[in-house]
1. Which residue, of Ala368, Ala378, Ala303, is over 26 Å from Asp212 (Cβ atoms), open to solvent by less than 50 Å² (accessible area, probe 1.4 Å) and modelled with pLDDT under 95?
2. Kindly indicate whether Asp90 is open to solvent by 50 Å² or more (accessible area, probe 1.4 Å) and either over 17 Å from the mean Cα position of the chain (by Cα) or modelled with pLDDT under 95 (or both).
3. Among the residues of segment 243-269, what is the count of those that are farther than 23 Å from Leu327 by Cα, open to solvent by 10 Å² or more (accessible area, probe 1.4 Å) and in contact with a strand residue (DSSP E or B) (Cβ under 7 Å, 6 or more places away or on another chain)?
4. Within segment 336-370, how many residues turn out to be aliphatic (A, V, I, L, M), touching a Leu at 6+ places or on another chain (Cβ under 9 Å) and closer than 21 Å to Glu109 by Cα?
5. Here are some conditions: (1) surrounded by fewer than 22 Cβ atoms within 10 Å (Cβ to Cβ); (2) modelled with pLDDT under 95; (3) closer than 17 Å to Val132 by Cβ. Thr68 meets all but one. Which one does it not meet?
6. Of (1) of a type outside the set (Lys, Arg); (2) touching a helix residue (DSSP H, G or I) at 6+ places or on another chain (Cβ under 7 Å); (3) open to solvent by 50 Å² or more (accessible area, probe 1.4 Å); (4) in a loop (DSSP other than H, G, I, E, B), Glu222 satisfies all except one. Which?
7. Out of the residues in segment 331-365 meeting the condition of being among the basic types (Lys, Arg) and closer than 30 Å to Ala231 by Cα, tell me which one is surrounded by the most Cβ atoms within 10 Å (Cβ to Cβ).
8. Looking at segment 164-184, which of the residues that are of a type in the set (Ser, Thr, Tyr) and part of a helix (DSSP H, G or I) is nearest to Val232 (Cα to Cα)?
Amino acid sequence: MTDKLNELTAAGVAVWLDDLSRVRLSSGGLDQLRREKHVAGVTTNPTIFAKALSDADEYNWQLRDLATRGVDVEEAVRMLTTYDVRWACDVMRPSYDGSAGVDGRVSIEVDPRSAHDADKTVAEAKALWWLVDRPNLFIKIPATEEGLSAIADTLAEGISVNVTLIFGLDRYSAVMEAFLAGLERAKANGHDLSTIGSVASFFVSRVDSEVDKRLEKIGSDEAKALRGKAAVANAQLAYERYTEVFSSDRWKALEAAGAHPQRPLWASTSTKNPDYRDVIYVEELIAPGTVNTMPESVIHAYADHGETRGDTVTGSYDAARKVFADLESVGVDMTDVIATLEREGVEKFEASWQELLDGVSKSLKAAAKGQGAPNKAAEGNAKAAEKAGGA
């Protein structure tokens, strides 16, 4: 059988998994995806962690330890999540070493409640970097206006960054500017640029969800004919900007000093509309030097029936601009679409973070009541994960 994910990788797209849990780690499932499905990185977010901690008892032994120590819920969340991310970094280390530090990365996000506070974001980024203590870590920072300076400041400290929640082209350009400025300062600070990585997570399917909703409301035949086109066009034009920035003299000077480019990462790539092909946001966004982070279901779907047709982005720019012009002509305000998505993106992660805090708080209280020693399964998980660090 044709190895479709290998074809995708050969076309220049790094396949990353958009999920993490202790079950996936303790079962060896993540390592299996790395070995068998060409998975070369992992992304997480508050929603993923909230689900992981609510679904499994693999965390019970650590929760009991944390309750015994009397830590508050904020510290408990960080101990639980960084434990998993540290372990995942170790699982992905072969990909990191085999790609000279480009892939094999695992992301953990700063507290989304600090998305509009640059100083707090940088402080937490440094704390997470120290706490996980793995070279293949990415610190995720939301691309809010306030986040831009935090991105540059964090990179200037020699810390690798995954910039998340990018929806619009102008904000993406600002993110790349923050990346270049951060690396220039890192170089001035004496950091080895070859060890600093970064990706810019450009969200895809959520754009179609918001635009399609507006097109349905407009209701004309011309409007309905544009459904399912905005997200891919938006990402294609983002890649055009990427190629311009990373062919500039300014970038070439950093590259000569050992820097790696900030790759575009296509995020939110599961299809929300069942009428659309389930791998559309993979097939239509194949281009050299990109990352596509997918839920496991999309990875398996692409392995089964994905079509790698070469570069499907370069050369699409005029057609993508026409999609934007057509959207404007039927009454879709893309500036408002992007502003809405950014606001909702931060709000959704804040809500998930609160759900995570509430769930851990409840678990800590239950553990504090005294449920005995950790069970044998939990002890086994603890031993298997010993190298990842403890509570």
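The values are calculated or read from the model by the stated rules, or taken from the named source; none is laboratory data. Quick caveat: nothing in here was measured; it's all calculated off a predicted structure. Glycine also receives a Cβ, built like all others from the backbone with ideal geometry; neighbour counts cover every protein chain displayed. These area figures cover heavy atoms from the full protein model, side chains too; ligands, DNA and RNA do not enter into them. Shrake-Rupley method; radii C 1.70, N 1.55, O 1.52, S 1.80 Å.
1. From the options Ala368, Ala378, Ala303, the qualifying one is Ala378.
2. Against the criterion (open to solvent by 50 Å² or more (accessible area, probe 1.4 Å) and either over 17 Å from the mean Cα position of the chain (by Cα) or modelled with pLDDT under 95 (or both)), Asp90 does not qualify.
3. Result for segment 243-269: 1.
4. Looking only at that region, the number is 4.
5. (3)
6. Glu222 satisfies every listed condition except (4).
7. Here the answer is Lys348.
8. Among those residues, the one meeting the criterion is Tyr172.
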